[in-house]
Amino acid sequence: MKSFCLCAVVCLWVANASAVDTELAVGNPDILLEGIARTENVAFDSNKVGDRELTYKAHGVLQIRQPYLDDVNRIAGPKAMVAIWGKPVLTIQDIKDPEKAIWAAKVYLAHYGRRYERLTGKKPTSEIYARIHNGGPDGWQKYSTTRYWAKVKDRMNDVYAAAVARRSTGRT
């Protein structure tokens, strides 16, 4: 019996070793991420390159930069990346794929959201996540991200209103 229990624990540990936390502590992470995407890239153009004058240009539907992606690759680790995406790191070219960009944002936001919670003792909100996305790990503290949050919040309200309208008319 002991060997069975030990085997079960080891099997569970191995199965979770490649798991990467993508859980955001908000009611509907999809609305948050769509709000961010609509703020960053109104046309949802996967090939959009923004902030061309900056050292690190922003790419894809969520306008992710290389340092953000470097954090995602470090947080997830090569073993999990191979298990999930079949390669040890994601590249800026990968971020042009909306599925990979959304996954990367969830990894980044979940990680730095937990850091926010450790530092403040509070659960992260949509505002905290949006400000981290825009301003980096400490974006929630930066005054410069308050206007960004107002824009994301407006886009989230638009997304929510459209979803409610679709439900009331019977369209999905």
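No lab work stands behind these numbers, since they all come straight from the coordinates. In this text, all values refer to a predicted model and were calculated from it rather than measured experimentally. Every residue, glycine among them, receives a Cβ derived from its backbone with ideal geometry; neighbour counts consider all protein chains shown.
What FRET efficiency, computed as 1/(1 + (r/R0)^6) with R0 = 25 Å and r the Cβ-Cβ distance, is obtained for Phe44 and Ala163, rounded to the nearest 0.05? Could the numbers behind the result be given before it?
Values: r = 17 Å, r/R0 = 0.66.
It comes to 0.90.
When only C-alpha pairs under 8 Å and at least 6 residues apart count, what is the relative contact order of the chain, in percent?
Reported as a whole number, the value is 24 percent.
Which entries in the list Lys106/Lys153; Lys48/Lys87; Lys100/Lys142; Lys48/Lys96; Lys96/Lys142 go over 20 Å, if you measure between the two C-alpha atoms of each?
Pairs exceeding 20 Å: Lys48/Lys87; Lys100/Lys142; Lys96/Lys142.
Let's see if you can work this out: charge +1 on each Lys and Arg Cβ, -1 on each Asp and Glu Cβ, no other charges. What is the dipole magnitude of the stretch 27-98 about its Cα centre, in debye to the nearest 20?
The calculation lands at about 220 debye.
Would you work out the charge dipole size for the stretch 20-169 about its Cα centre, treating the Cβ of every Lys and Arg as +1 and the Cβ of every Asp and Glu as -1, and quote it to the nearest 20 debye? Spell out each step's value before the answer.
Details: 24 positive and 18 negative charges, 45 e Å.
That gives the stretch 20-169 a dipole magnitude of about 220 debye.
Return the long-range amide H neighbours of Ile64 (sequence gap of 5 or more, or a different chain), with a cut-off of under 5 Å between placed amide H atoms.
It is His59, by chain and number.
Which one, Ala83, Ala130, Ala104, projects farthest toward the positive side of the charge dipole computed for the stretch 82-147 from Cβ point charges (K/R +1, D/E -1)?
Of the options given, the answer is Ala130.
Output the 0 to 90 degree angle, nearest 10, between the alpha-carbon long axis of helix 126-135 and the longest principal axis computed from the alpha carbons of the chain.
Taking the Cα atoms of the chain, the angle to 126-135 is about 80 degrees.
Among Ile64, Thr145, Phe44, pick out the residue whose Cα is farthest towards the positive end of the charge dipole of the stretch 20-169, where Lys and Arg carry +1 and Asp and Glu carry -1 on C-beta, about the Cα centre.
Projecting each Cα onto the dipole axis, the largest value belongs to Thr145.
How far apart, in nanometres, would the label points at Lys57 and Lys87 be if each is projected 7 angstrom from Cα along the Cα-to-Cβ direction?
Distance between the two pseudo-spin positions: 1.8 nm.
Dipole magnitude of the stretch 99-172 about its Cα centre, charges +1 at Lys/Arg Cβ and -1 at Asp/Glu Cβ only, in debye to the nearest 20?
My answer is approximately 100 debye.
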